[in-house]
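What follows is a short report on a single structure.
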Amino acid sequence: MPKLSYPKITKGDAITALLKIYRKEPDFMTELEKIRQPYLAILSKFAKDAFAFFNDGTMSPAEYYQAVIDYNKGESQKDPFPAEQFGYLSQLQPYFDGLSELAHKWKLRAPWAVIALFLFDLMDLLKAQGLPDEIDIPLENLESIYPWAPPLPPLEIKIPAWAIILFGREPAQAEVTKKLRKYEDEIKDKGLREYPSGLKKAAYWWFQHNIKGKRWVDLANEEAQDDPEGGPHPENIRKAVSRFSKLIGIQTSVKEE
């Protein structure tokens, strides 16, 4: 079964795909570099301190997220943010103001824009300090990373040693597969749909249309060059971009041409 779409995670994936395209645009990166260059030392310090806070602290990112929510709701008297440790962040206000202006100019007019650009800058700095591009995360640790409640409790399967001794691996695998399929169906029953397969392509079309000013027919002709079947119809590209705009929460003019 294809992987499923958890709305908040899929939205994050869409934003990430779009920002990766932005960050390949030379003019955008030139403007971004002018904004962040004076603050690289402070940003680098925060990246290192924040990584250490979660790596050495007692709270996982998910627990921290919930603690912030509880504090803001008045359900907890303790602010989980270590203000005394990160007081120097106040020096970054001109940087954040610059990111806000940059986002507005480049049509990233959404509440998430500044924080997303900020996080991308932090990741650049952490990678420069040795953080690998990809980190293998054990399946059992995923619940401590994502801050939202899962649709179902974890699936637990116990396979006694006798099952392997008496029947071998294949019957055990068949039983695991049977239970996993049932678990997948139960998750889908919670309303989750299949993950959108064309997310990255829709991000590319969004950028080409809204930033580069390309028409739907232009994009369709580009796709047709690499597709022996002729590629998608311009109207289908328009619809994909419209859905993508709704997903990331940015209202744009997506008209028929």
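Every number in this text was worked out from the coordinates using simple rules, so none of it is lab data. Quick caveat: nothing in here was measured; it's all calculated off a predicted structure. Note: ideal-geometry Cβ built from the backbone for every residue, glycine included; neighbour counts use all protein chains shown.
Laid out as a table, the results:
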| read-out | value |
| --- | --- |
| Centroid-to-centroid separation of segment 88-110 and segment 188-219 [C-alpha atoms, Å] | 26 |
| Cα gyration tensor category, rounded, prolate or oblate, for segment 171-210 with a/c compared to 1.5 | oblate |
| Distance in nm between pseudo-label sites at Ile159 and Ala174 (7 Å out along the Cβ direction from Cα) | 1.4 |
| Per residue convex hull volume, Cα atoms of segment 199-248, in Å³ | 66 |
| Positive-end residue of Gln208, Gly231, Ser245, charge dipole of segment 199-248 with Cβ unit charges | Ser245 |
| Pair Ala149, Asp218: separation of 7 Å Cα→Cβ label points (nm) | 4.8 |
